[in-house]
Every structure is written in structure tokens, then in C-alpha cells.
């Protein structure tokens, strides 16, 4: 899921220091550096949010799995395989 880009979320100029050789190579490959950076930042932020969520909920997930091991799934009597 990508984060939407809209007029409500305007772009802002930012100065970055990047190796000149990388910039030249990216331009030769017709990369839009702004779009590329936005996409990679969105991806990294999604991954970080997922990692944090998992860490924050690790105990609850472990408790749930232990309960299912012990008692079975809540719908086990409704499922026939």
C-alpha cells in the first residue's frame, strides 16, 4: 500500500549530499531521484512500522498462539477439512 501523494501533502525542497557518481549513473538510467527517494522512504517507513507493531504486540501474539495451542481455534467445530 503506497502513501498517497496529493495537494494536501505538498512537496518540499530538501538538500541532500549524494555521491556524484551515483547521481550521474541515476540520471543516465533516467531515474527520477525525487520519486525514487519518496518510494524508498515510503517502503522503509512501512517496514519500520511493521517491525514496531510486531515488537509492541509480540507478547499478545504469543499469548494468543499459546491459547490456540491449548484450547484450539474458536471456530474449530465449524470447520471441516
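Give me the distance in nm between label points sitting 7 Å out from Cα along the Cα-to-Cβ direction at residue 33 and residue 12, one decimal.
For residue 33 paired with residue 12, the spin-label model returns 2.0 nm.
Over the Cα atoms of the chain, compute the convex hull volume and normalise it per residue, giving Å³.
Spread over its residues, the Cα hull of the chain gives 231 Å³ apiece.
Every read-out reported here was derived from the displayed coordinates using simple, explicitly stated rules and does not represent laboratory data. As the structure is a prediction and not an experimental result, all values here were calculated from the model. Counting neighbours? That spans all protein chains shown, and the Cβs are built from the backbone with ideal geometry, glycine included.
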